[in-house]
């Protein structure tokens, strides 16, 4: 059986104490922390895989990644 590819937006933020925090807005509760940016991305990939496996096992539809990323200019 051929696997279907999905693309999800993730947000990666530096932590004050060091390392990084990442989350996937399309998958509530899907978040990780890592020591390095690369480690955080790898952990996020594993976390998303686990979330999708749970959705499939439960017969739930996999959410669409309907997140729009943009920036706003604000004058203060």
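Give me 72, 41, 52 ranked fewest to most by other Cβ atoms within 10 Å of their Cβ, as a rough exposure proxy. All intermediate terms of the calculation are to be shown ahead of the outcome.
Values: 72 4, 41 15, 52 18.
By the 10 Å Cβ count, ascending, the order reads 72, 41, 52.
Put in order of Cβ neighbour count within 10 Å, fewest first, the listed residues 66, 39 become 66, 39. For the chain, how big is the tail of P(r) above 18 Å, as a whole percent of Cα pairs? Of all Cα-Cα pairs in the chain, 48 percent lie more than 18 Å apart. Contact order, relative form, for the chain: 23 percent (alpha carbon pairs under 8 Å, 6 or more residues apart, mean separation divided by residue count). Relative to the dominant Cα principal axis of the chain, helix 37-57 is inclined by about 30°.
Taking other C-beta atoms within 10 angstrom as a stand-in for reagent exposure, 9, 40, 70 fall in the order 70, 9, 40, fewest first.
A short reminder: the numbers here are calculations on the coordinates, not readings from a lab. These figures come from a predicted structure and were not determined experimentally. When we count neighbours, we look across all protein chains shown, and the Cβ atoms used for this are built from the backbone with ideal geometry, even at glycine.
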